[in-house]
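The values are calculated or read from the model by the stated rules, or taken from the named source; none is laboratory data. Fair warning: this is a prediction, and the values are worked out from it, not measured in the lab. We place every Cβ from the backbone using ideal geometry, glycine too, and count neighbours over all the protein chains shown.
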Amino acid sequence: MRNCIVPSAYDRLAQAMSISRWMRACSSAARRGKSVERDPATDLVGKVAMDIEVPPSFPEKYRSSLVRAAEQCAVKKHLEHPPSFDVKTVVK
């Protein structure tokens, strides 16, 4: 029988790296004038406002669908409900 660790350390690292990339993108967006608000006490991102740019010919009836799709983003959901982190050293 195989021993499985769920989620694996690799999965947790991949999640953390994904969130880290997203946060760097937010920081970059803030420098370009996008709306990313930081909490001055912690210097952590407190609010992110996103605009989805569409061409003028994009049908109005599909705009709410774009917003709903963006709300399903896995990174966004992880930030709304952050995972717990169990960080430790292991001697091998």
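Pairs meeting the criteria (first residue in segment 39-50 and surrounded by 10 or more Cβ atoms within 10 Å (Cβ to Cβ), second residue among the small types (Gly, Ala, Ser), beta carbons under 6 Å, at least 6 apart or on different chains) are ASP39/GLY46. Looking at SER20, SER65, which is the one that is among the hydroxyl-bearing types (Ser, Thr, Tyr), surrounded by 10 or more Cβ atoms within 10 Å (Cβ to Cβ), in a helix (DSSP H, G or I) and at pLDDT 80 or above? Testing whether each residue is among the hydroxyl-bearing types (Ser, Thr, Tyr), surrounded by 10 or more Cβ atoms within 10 Å (Cβ to Cβ), in a helix (DSSP H, G or I) and at pLDDT 80 or above leaves just SER65.
Taking into account only those residues within segment 52-62 that are free of Cβ contacts under 8 Å to residues at least 12 places away in the same chain and in a loop (DSSP other than H, G, I, E, B), which is nearest to the chain's Cα centre (by Cα)?
To start, the set of residues in segment 52-62 that are free of Cβ contacts under 8 Å to residues at least 12 places away in the same chain comprises 53, 55-62.
Now restrict to residues that are in a loop (DSSP other than H, G, I, E, B): 53, 55-59.
Working: GLU53: 19, PRO55: 25, PRO56: 28, SER57: 29, PHE58: 26, PRO59: 28 Å.
Result: GLU53.
Selection of first residues in segment 66-92 that are closer than 21 Å to VAL54 by Cα and of second residues that are of a type in the set (A, V, I, L, M) and surrounded by 10 or more Cβ atoms within 10 Å (Cβ to Cβ), restricted to Cβ pairs under 8 Å at least 6 apart or on distinct chains, gives the following pairs, ordered by first then second residue: LEU66/ILE52; LEU66/VAL54; VAL67/ILE52; ALA70/MET50; ALA70/ILE52; LYS76/ALA70.
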